Amino acid sequence: MFEAPASPYLVPFDNSFRVSDAGTTARTDGHRHTKKNRKEATRNLNKLQRVLAAGDKHAVLLVFQAMDAAGKDSTIRAVMQGVDPSGCQVFSFKRPSSLELDHDFLWRTTCRLPERGRIGIFNRSQYEEVLVVRVHPQILAGQKLPGDVNLDTIWEERLQSIREQEEHLARNGTVILKFWLNVSKDEQRCRFLARLDDPDKNWKFEPGDVVERRHWDNYMDAYEQTLNATSRPWAPWYAIPADDKPYMQARVAGIIIDSLQNIGLEYPKPSQEDRAEFAEARAELS
């Protein structure tokens, strides 16, 4: 089973993670996000994706969660630039539809899990159900849940369901990497103002984002509990500083590349029968 590569941003598996200790700014760790490094990371990831597709034994699931304006979209674009589009799929999860609410809370993401040989990306995910819904428990009233909802137990029940599903997926060949892009409240404010000041970015601004900002401390509590409860060796969380976007993107790309390099990807080796057929084909073509 896949195990998480080491990183200073790996959320430990012993319930010791604290949001207050997680930095939002780039570390002086010797890593620089230069144009040369970016191109090298793109080449490496593109090469690994081709071997992943050819081997057809593993799937890769990348989960991105963050407060608004942390840079989820831009990070996905930057990291996956140059990867064969046919081997990659991205899903962005907004408010659940009526169809999705007629199923359990894991259904809509389960339907979009990547098959073997492909990289699947979740821009937000099932984790919204223990983050946004936990901060706004009144949402539960519209989820058609059976019986009375016990707010003292429902969050741990949902976290247990997520853990169990992730362990099942990992046992069956899915490499799961989860990234919390940790932006500071002040940097978020600056990015919101930039969206308001730039006409070309007005479309990205939603007044509701400012309303959610009022619940910042509650969100940080929800993230801390969620990351502690669901960071496991086979489905790790990484709390990546997000105030410096190029640094954040470089760290995410590095973790993905390290993970794929560590699972022993290789091209399929032809059998003796295959080699005999190759020889016949070569003779005919020659």
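The values are calculated or read from the model by the stated rules, or taken from the named source; none is laboratory data. Note that the structure is predicted; figures quoted are calculated from it, not measured. So basically every Cβ, Gly included, is an ideal-geometry build from the backbone, and we count neighbours across all protein chains shown.
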### Task
Could you look through region 237-286, keep only residues that are in contact (Cβ under 8 Å) with a residue 24 or more places away in the chain and of a type in the set (Lys, Arg), and pick out the one that is surrounded by the most Cβ atoms within 10 Å (Cβ to Cβ)?
251
### Query
So which residues in region 186-232 are in a helix (DSSP H, G or I), in contact with a helix residue (DSSP H, G or I) (Cβ under 7 Å, 6 or more places away or on another chain) and within 30 Å of residue 165 (Cα to Cα)?
216, 218, 219, 220, 222, 223, 224, 226, 229, 230
### Query
Going by the conditions given, is residue 64 within 12 Å of the chain's Cα centre (by Cα), of a type outside the set (Asp, Glu) and outside any helix (DSSP H, G or I)?
yes
### Query
Which condition number does residue 16 fail, the rest of (1) modelled with pLDDT of 95 or more; (2) assigned to a helix (DSSP H, G or I); (3) exposed (fewer than 15 other Cβ atoms within 10 Å of the Cβ) being met?
(2)
